[in-house]
Amino acid sequence: MLNIANGRETMGKPRLMLAENHVMVADGLVKLLADKYDVVGVVSDGLALLKEAPALRPLVVILDLGLPRLNGMEAGKQLKKLLPSTKIIVLTMHDDVDLAREALSHWASGYLLKSSAASELIKAIDEALHHRTYVTARVAQRLEEEFARDPDPRRPAELTKRQMEVIQLLVEGYTMKEVAAMLKLKPRTVAFHKYKIMDEYGLKTKSDFVMFAIKHQITEFPGREG
């Protein structure tokens, strides 16, 4: 964890914290925000965020969903329990409407894409500080469209207990052979479950599979630690 202000709060500036895995993005955000806000810390994974934020007590946290060790969805949920008054703004590459709905429904005060203009992030922070929610236009439009089609879109995925076990272990980084040994199955049975799930839910890539697991709270971790 990089402590930008060495524990000192700049007079009159709201305290912010960044949770961003990419160093160049984090550096750019610090430069963008430092004039108007007191950036008290930067962390690069979800567990570090939960460890450092309670001591730093930021008013706003800018959170990337793609954090290692503990993904941003789970980190945001846990952070809100630790610091209920802290506002959390998602800044992500994912314009997935289900992820946005989940975050905004439970713990996020804003949802922006990394392709958004810098001015949008400033606006989102200011809105959060005034206890309002900000959603970037592209995501807001899709949320409205989804609601118009289906006012109750939060139906859970219908998965068996065995399917959930297989998904969790695969997403955590175990091979199909390792999963088979852990669950006392044949490797071809694990493969059957994996590809049946991918086919039924339209998952085409490993990333789709991981985001599906995170979205449905099957796993807290996007991958096994090295």
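List the number of the failed condition for V25; all other conditions in (1) among the hydrophobic types (A, V, I, L, M, F, W, C); (2) within 17 Å of the chain's Cα centre (by Cα); (3) surrounded by 18 or more Cβ atoms within 10 Å (Cβ to Cβ); (4) assigned to a helix (DSSP H, G or I) hold.
Exception for V25: condition (3).
Output the residues belonging to the range 83-101 that are in contact with a helix residue (DSSP H, G or I) (Cβ under 8 Å, 6 or more places away or on another chain) and at pLDDT 90 or above.
Selection gives L83, T86, K87, I88, I89, V90, L91, T92.
When the range 106-115 is examined, which residues are found to be surrounded by fewer than 21 Cβ atoms within 10 Å (Cβ to Cβ) and in contact (Cβ under 8 Å) with a residue 24 or more places away in the chain?
Correct list: H106, L113, K114.
Anything in the range 52-63 that is without any contact (Cβ under 8 Å) to a residue 40 or more places away in the chain and surrounded by fewer than 21 Cβ atoms within 10 Å (Cβ to Cβ)? List them, or say none.
P54, A55
Quick check on this structure: which one of L129, L113, L104, L121 is modelled with pLDDT under 90 and not assigned by TED's automatic domain parsing to the domain that holds P187?
L104
In the range 64-100, which residues are under 20 Å from K123 (Cα atoms), over 11 Å from the mean Cα position of the chain (by Cα) and surrounded by 18 or more Cβ atoms within 10 Å (Cβ to Cβ)?
T86, K87
For V43, state whether it is out of contact with any Cys (no Cβ under 9 Å at 6 or more places or on another chain) and modelled with pLDDT of 95 or more.
Spelling it out, V43 is indeed out of contact with any Cys (no Cβ under 9 Å at 6 or more places or on another chain) and modelled with pLDDT of 95 or more.
Looking at (1) surrounded by fewer than 14 Cβ atoms within 10 Å (Cβ to Cβ); (2) modelled with pLDDT of 85 or more; (3) closer than 21 Å to E74 by Cβ; (4) charged (D, E, K, R), which is the only condition E165 fails?
Here E165 meets the rest and fails (1).
The values are calculated or read from the model by the stated rules, or taken from the named source; none is laboratory data. Worth saying up front: this structure is predicted, and the values here are computed from it rather than measured. FYI the Cβ positions are ideal-geometry reconstructions off the backbone, even for glycines, and counts take in every protein chain you see.
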